[in-house]
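Some notes on the structure that comes next.
The values are calculated or read from the model by the stated rules, or taken from the named source; none is laboratory data. Keep in mind the model is a prediction, meaning the values are calculated, not measured. A quick note on method: Cβ atoms are made from the backbone with ideal geometry, for glycine too, and the neighbour counts reach across all protein chains shown.
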Amino acid sequence: MESRSRFAWFLGCTCLAAAAAGCSDALNAGPLQYVEAEALTKDLGTKTNLYGKPNLQKKVRQALVQLFGPNPQEIHVPDGSGLSGDGIYLANYLQEGEGPAARRHPIFQGTGPSDFNRTRQAGGYAIYRRNCLHCHGVSGAGDGPTAAFLYPTPRDYRKGIFKFTSTPTGARPHRDDLRRTITYGLHGTSMPAFESLLTEAEIEQVIEYVMFLSMRGETELALIEEAAISDENDPNALSDDIVREAANGIFTKWKLAQTQVVNPPIARTPPTRESILRGRDLFLQSDCKDCHGLLAKGDGESFVKQDVFNEVVFGGNPSERQARVDQLDEKTRTLWNQKPDDWGNPLRPANLNRGIYKGGRRPLDIYWRVAKGINGAQMPAHYPSPFDEKKMWDVVNFVLALPYEPNLLKDAPVPPSTPAPGTPVAIQAVTSGL
Ligand code: HEC
Ligand code: HEC
């Protein structure tokens, strides 16, 4: 108990510099520096950027340092971030005071000073650095050293967009969503399951750090946007108030998401034959087939053909991908250019026959994907329109049945996309070449 109250006292008198993630420490040796957003210094043409505006660039950098600290070794947790314990789980050390008078205190796990089993706590940053950084990068930009060799690419957290969420379309993820992703991984991708590598407490800590990086990255982008409409020589550009407002807007989105989990309004319809077949018809009548294809192999007409995709993405050095795109015929190239994900990476609809779901295989997981769509991945929401609450479960039942019944779609008469009332039309499914 004694150590707990001292804990609170350190936090209480440190305010801004609540979490110091550890300097030259065995838990994370060697300093690392955040990588800046491209838009801060690079000429990105028509895209927002601060190229050639050194004063505004400097202001963005200063604002970020003030809010989040200068580097990952020295983390500041801004007021109102909503992170647990004001960010205490990010830290290996707590810092008391600021400047030359600052004192750092290691954080221990265990019960008290006399407990010989107590161990130094590795904060969220240290855990991230060891387990995640080589893919997700120092700033969470999805640009770690391993990233270039992976498809799909590791998530860039800085947009605040996460795919596998339980919150409304476009909203920030719930903490539970991040916990599921980190604990169980994303099946079919290189995102590992950390269930057996990290303790539950460590997973909680790294969740905080992912949120921290996401908030920091989103703030950076928001400040660049804000600066881009300011005058390079205006001394009041990016004033403290404007900076604070930008950061608060982002913190609010995260806090709101923690209260917004989408629950299906009715219980799941049992997966009867009737329900599965109704779901199959809905799949074929709605937009699902345009992306996922008539046989749900992930080869719908809205996307380039699978062999073209494979050639561009896997047919050589990843850094020469653009050259391979340039060689496509004009029609295919146009289609290709319409279909990146929100991070600008190549995107492919799932093959729903494989029964591999990145975001989890519970009926509720599939419900969330179909009802709310997949953020950043072009898959749109389908509830409340075009599907009502009953149709939603029929489609979920169909999706879950398909991998076990390969003929479900092959044998399907294709209903017209806009059924005329009372006129049953049966068009043969495209089964050639199978
Ligand atoms: C080997 C590379 C690799 C490692 C290591 C890795 N990830 Fe990932 N991670 C990925 C990839 C790839 C994706 C994106 C998959 C996709 O978009 O389909 C991803 C996505 C994510 C997402 C986004 C989920 C969503 O809903 O959009 C989170 C959060 C995440 N990773 C957290 C972590 C954390 C925390 C660690 C360390 C404990 C970690 N990752 C380690 C490759 C990795
Ligand atoms: C505009 C294109 C588009 C439409 C329309 C669309 N999807 Fe998707 N869907 C995708 C893409 C792209 C992915 C892969 C996203 C990823 O892996 O990041 C996907 C993934 C999925 C997944 C896998 C989720 C996971 O956890 O891996 C399911 C299930 C799914 N879609 C079902 C459906 C159903 C059912 C419909 C119709 C109600 C539908 N989709 C409509 C593009 C679409």
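Checked against the criterion of being surrounded by 23 or more Cβ atoms within 10 Å (Cβ to Cβ) and either more than 24 Å from GLN378 (Cα to Cα) or within 11 Å of the chain's Cα centre (by Cα) (or both), region 190-203 contains not a single residue that satisfies it.
Give ASP326, ASP240 a once-over and let me know the one that is over 27 Å from GLY80 (Cα atoms) and not polar (S, T, N, Q).
One residue alone meets the criteria, ASP326.
Annotation: of all residues in region 247-279 being basic (Lys, Arg) and within 30 Å of the chain's Cα centre (by Cα), the one that is nearest to ALA401 (Cα to Cα) is ARG268. With respect to being touching a residue at least 12 places away in the same chain (Cβ under 8 Å), in contact with a strand residue (DSSP E or B) (Cβ under 9 Å, 6 or more places away or on another chain) and more than 16 Å from ligand 1 (Cβ to nearest atom), TRP393 falls outside the description. No other residue among VAL304, VAL262 is over 24 Å from ARG175 (Cα atoms), away from ligand 2 (no atom under 11 Å from the Cβ) and either touching a strand residue (DSSP E or B) at 6+ places or on another chain (Cβ under 8 Å) or of a type in the set (A, V, I, L, M, F, W, C) (or both) apart from VAL304.
For region 226-255, the set of residues classified as surrounded by 12 or more Cβ atoms within 10 Å (Cβ to Cβ) and polar (S, T, N, Q) consists of SER230, SER239, ASN248, THR252, listed by residue number.
In this entry, GLY359 is excluded by the filter for residues that are modelled with pLDDT under 95, within 14 Å of ligand 1 (Cβ to nearest atom) and either under 18 Å from GLY170 (Cα atoms) or among the aromatic types (Phe, Trp, Tyr) (or both). In region 302-355, counting only helices (runs of 4 or more DSSP H) that sit wholly within it, the ones holding 3 or more residues that are within 16 Å of ligand 1 (Cβ to nearest atom) span 306-314. When we screen ALA201, ALA246 for residues that are more than 20 Å from ALA141 (Cβ to Cβ) and either assigned to a helix (DSSP H, G or I) or hydrophobic (A, V, I, L, M, F, W, C) (or both), the only hit is ALA201. Could you say whether any residue in region 272-286 is surrounded by fewer than 15 Cβ atoms within 10 Å (Cβ to Cβ) and under 29 Å from GLY170 (Cβ atoms)? Checked region 272-286: no residue is surrounded by fewer than 15 Cβ atoms within 10 Å (Cβ to Cβ) and under 29 Å from GLY170 (Cβ atoms).
Does TYR34 meet the test of being at pLDDT below 95 and aromatic (Phe, Trp, Tyr)?
Answer is no for this residue.
Among residues of region 177-206 that are under 11 Å from GLY360 (Cα atoms) and among the aliphatic types (A, V, I, L, M), those with a Cβ under 8 angstrom from a residue that is within 9 Å of ligand 1 (Cβ to nearest atom) and not in a helix (DSSP H, G or I), sequence gap 6+ or separate chain, pair up as LEU186/PHE164; LEU186/LYS358; LEU186/GLY359. For region 139-169: of the residues being among the small types (Gly, Ala, Ser), assigned to a loop (DSSP other than H, G, I, E, B) and more than 15 Å from ligand 2 (Cβ to nearest atom), which is farthest from the chain's Cα centre (by Cα)? Checked region 139-169; the qualifying residue farthest from the chain's Cα centre (by Cα) is GLY144.
Would you confirm, using the coordinates I've provided, whether TYR157 is more than 6 Å from ligand 1 (Cβ to nearest atom) and at pLDDT below 95?
So TYR157 fails the test.
Scanning region 168-189 for residues that are hydroxyl-bearing (Ser, Thr, Tyr) and touching a Lys or Arg at 6+ places or on another chain (Cβ under 8 Å) returns THR169, THR189.
With respect to GLY344, determine if the residue is closer than 25 Å to GLY376 by Cβ, of a type outside the set (A, V, I, L, M), out of contact with any Phe, Trp or Tyr (no Cβ under 7 Å at 6 or more places or on another chain) and modelled with pLDDT under 95.
yes
Looking for something more than 10 Å from ligand 2 (Cβ to nearest atom) and among the polar types (S, T, N, Q) - is there at least one such residue anywhere in region 283-293? No, that holds for no residue. If you go through region 170-198 and pick out every residue that is within 8 Å of ligand 1 (Cβ to nearest atom), in contact with a helix residue (DSSP H, G or I) (Cβ under 7 Å, 6 or more places away or on another chain) and not in a loop (DSSP other than H, G, I, E, B), you end up with 2.
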